[in-house]
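What follows is a set of notes on a single structure, which appears directly below.
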Amino acid sequence: GIDTAPAFPSAIAVRGFDQAELARFQGVGERPTTQPVDEIFRQIPCCSAWHKFDREDRPVYIERLGMHQPHALVAKCKQMVPPGTPIGAPILQAHIHANEVGGNITRFMASRKPEANICQVTVIMDCTGLGMGHFYGPGLDLLKVETDWDQKYYPEGMHNLYVTNAPRIITIGWAVVKMWLDPRVQRKVIFLRAHETKQRLLEVIAEEHLPAFLGGTCE
């Protein structure tokens, strides 16, 4: 029933869109905000949002990787599942909700500009603050759960993925993660060092739609 499940108000942050308008566009009513996924987003330490759109009107999803706390994340997931349940279950539930929210935003943007054939999203993963502690094995296992699910059930949903403010140690994590990805997906991943992040992102996202911490003017 996922195609007819209300997505709004969203449990994940949505910036730059009127969620009441998105709910009307989806046409299946408003989502109760007392669902398990709401509790998951309240408890899991993460930092992500759907944030406005790029210059071609694709929705933008931003994940602040360097602000994640992988050890705390794994510990919280263990607390949230019954014994014998895979600890990736809460993360997967939250991830599916985030994907469905993004899918509905994408269809909304496509309805406003049908000639543009909008059917994908732009993703930013910001590495400011990323360190060796982020390459925690059980934390990477949770990332693999999400990655596997995306490739099975959301193929070709991503236009490009910009890994911004990328430190040199990102090559360690990428060596692991790229083994999970189809070659077509690998080619969509663009690494940007700190000195080139602002310039390259402003080529694809208008200044007023790009957060200030990435070089834009949006606060």
Plugging the Kirkwood radius over Cα pairs into Stokes-Einstein for the stretch 57-147, at a temperature of 20 °C and a viscosity of 1.002 mPa s, what D comes out in µm²/s? 143 µm²/s
I want to check the label-to-label distance for residue 191 and residue 2. Put each point 7 Å from Cα in the C-beta direction and report it in nm to one decimal. 3.1 nm
Point-to-point label distance, residue 174-residue 42, nm (Cα→Cβ direction, 7 Å offset): 3.9 nm
I'd like the distance between the alpha-carbon centres of the stretch 162-216 and the stretch 29-103, rounded to an integer number of Å. 20 Å
For the stretch 121-211: relative contact order, % (alpha-carbon pairs under 8 angstrom, 6 or more apart): 36 percent
Estimated dipole of the stretch 1-152 in Debye, rounded to 20 [Cβ of Lys and Arg +1, of Asp and Glu -1, Cα centre]: 160 debye
Which of 120, 43, 26 moves most in a GNM of the chain, Cα contacts under 10 Å? 43
Please tell me the relative contact order of the stretch 1-74 in percent, rounded to the nearest whole number, where contacts are Cα pairs under 8 Å and at least six residues apart. 28 percent
Using alpha-carbon pairs under 8 Å, 6+ residues apart, how would you state the relative contact order of the chain in percent? 18 percent
Translational diffusion of the chain, µm² s⁻¹ [Kirkwood Rh, Cα pairs; Stokes-Einstein; 25 °C; 0.890 mPa s]: 136 µm²/s
Of all C-alpha pairs within the stretch 140-215, those more than 19 angstrom apart amount in percent to 44 percent
Going by accessible area, probe 1.4 Å, with all protein chains left in place, what is the ranking of 4, 34, largest first? 34, 4
Taking 2.2 N^0.38 Å as the expected size of a compact globular protein, what ratio does the Cα radius of gyration of the stretch 75-203 give against it, to two decimals? 1.18
Length gain on complete extension for the stretch residue 145 to residue 13, per 0.36 nm per residue less the alpha carbon to alpha carbon distance? 45.4 nm
Straight-line reach from residue 144: which aspartates and glutamates have a Cα under 17 Å away, not including same-chain ones fewer than 8 places off? 63, 182
I need two numbers for the stretch 4-104: Rg to one decimal and Dmax as a whole number, Cα atoms only, in Å. 14.5, 47
Would you calculate the separation in nanometres between label points at residue 208 and residue 28, each defined as 7 Å from the Cα along the Cα-to-beta-carbon direction? 3.4 nm
Fraction of accessible area attributable to carbon and sulfur, the chain (%, probe 1.4 Å): 55 percent
Overall dimensions of the stretch 47-110 as given by Cα atoms, namely Rg and Dmax in Å: 14.8, 47
Report, by chain and number, residues whose modeled amide H sits under 5 Å from the one on residue 51, excluding near sequence neighbours (fewer than 5 apart, same chain). 15, 60, 61, 62
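The values are calculated or read from the model by the stated rules, or taken from the named source; none is laboratory data. None of the values given here were measured: they were computed from a predicted structure. Neighbour counts run over all protein chains shown; Cβ positions are idealised from the backbone, glycine included. In case anyone asks, the SASA skips ligands and DNA or RNA and just uses the protein heavy atoms, side chains included. Shrake-Rupley method; radii C 1.70, N 1.55, O 1.52, S 1.80 Å.
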